[in-house]
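As structure tokens, the structure follows; a few thoughts come after it.
The values are calculated or read from the model by the stated rules, or taken from the named source; none is laboratory data. Quick caveat, the model's predicted, so the values are computed rather than measured. Here the Cβ positions follow ideal geometry from the backbone for every residue, glycine too, while neighbour counts run over all protein chains shown.
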Amino acid sequence: MLDIFSLNHFIWLLLIPLIVYGVYVGFKKKSYKFKYWFLFALTIIAWGIHFSRYWFDPDFATYKLFFVDLCGISTMVYPIFMLLKKDVLKDYMYYLGSMFALLSLAYPNTIQGNPMFVYDSIRFFFAHLILVMVPVLLVSWKMHKPNIKNLGWMFFFLMLGGIYNMALTAFFVEVGLRTYYINYMGIWGHEGTIYIYALLVAPWLTYEAVVSGEVVEKAIPFFYIIPGAFLVFVPTWIIMSIPFLKLNKKRE
């Protein structure tokens, strides 16, 4: 079973750097053109993995065909970003796409308790592995140099992803695909880990509501996560930028 922080989970996590390193070594002497189209093909494969739910997911629901949460957004935009060849978009792949996918692999709560070799576990692993591997190989093969000057854009993209998720989950309820607002990224302020820690950082971003005849404090959806997200992710991205500061300085 794939229980979080179990032996199976640690074996699962160990496979990630082994696979990425194996691909890095195996193709590092190939031409730029070959490596570019190889990575682009991986992003298309990620689309195929996503839509395979339609045929193979025993618990398939229509809303699952949409690209939801930040990893879903990354799966959707990676092929487009590869084709556009803009540095700031490649930075999104490195700073946001790879980091959030790695966090999902490190804490796969949506598939916790699944057997390791059922469809949903395998789909989850390879879908997120591609999100990590493509930007890591772009950087490792020196096809892209992350730029710390784009961190403002990264935070903007993160907030844009939150708004997208909020609109999409509201759409699900409006058209009857779901009966409640899914709390992707903790966006709606329901109970959960993100909710708890985000409110610790910004306890003032609440409002009073009457629930079952009692007045309770509730988090202001979306806005309550902004201070916590800034304090957590911006320093993380700065750390991720350190190996490239000298490279960017030389390039200038």
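Just a few scattered comments:
- Condition met for L231 (assigned to a helix (DSSP H, G or I) and touching a strand residue (DSSP E or B) at 6+ places or on another chain (Cβ under 8 Å)): no
- Residue in region 34-46 that is crowded, with 18+ Cβ neighbours inside 10 Å, part of a loop (DSSP other than H, G, I, E, B) and not hydroxyl-bearing (S, T, Y) present: no
- For region 213-228, the set of residues classified as in contact with a strand residue (DSSP E or B) (Cβ under 8 Å, 6 or more places away or on another chain) and farther than 12 Å from A202 by Cβ consists of V215, V216, E217, K218, listed by residue number.
- L177 falls short on exactly one of the conditions (1) aliphatic (A, V, I, L, M); (2) in the same structural domain as V20 (by TED's automatic domain parsing); (3) farther than 30 Å from V25 by Cβ; (4) not in a helix (DSSP H, G or I), and that condition is (2).
- Search result, residues across region 22-33 that are charged (D, E, K, R) and either surrounded by fewer than 11 Cβ atoms within 10 Å (Cβ to Cβ) or touching a helix residue (DSSP H, G or I) at 6+ places or on another chain (Cβ under 7 Å) (or both): K29, K33
- Residue match in region 201-212 (condition: within 18 Å of the chain's Cα centre (by Cα) and closer than 27 Å to Y94 by Cα): no
- Flag if S241 is within 25 Å of V88 (Cα to Cα), modelled with pLDDT of 90 or more and not assigned by TED's automatic domain parsing to the domain that holds P79: yes
- Hey, T110 surrounded by fewer than 20 Cβ atoms within 10 Å (Cβ to Cβ) and β-branched (V, I, T) or not: yes
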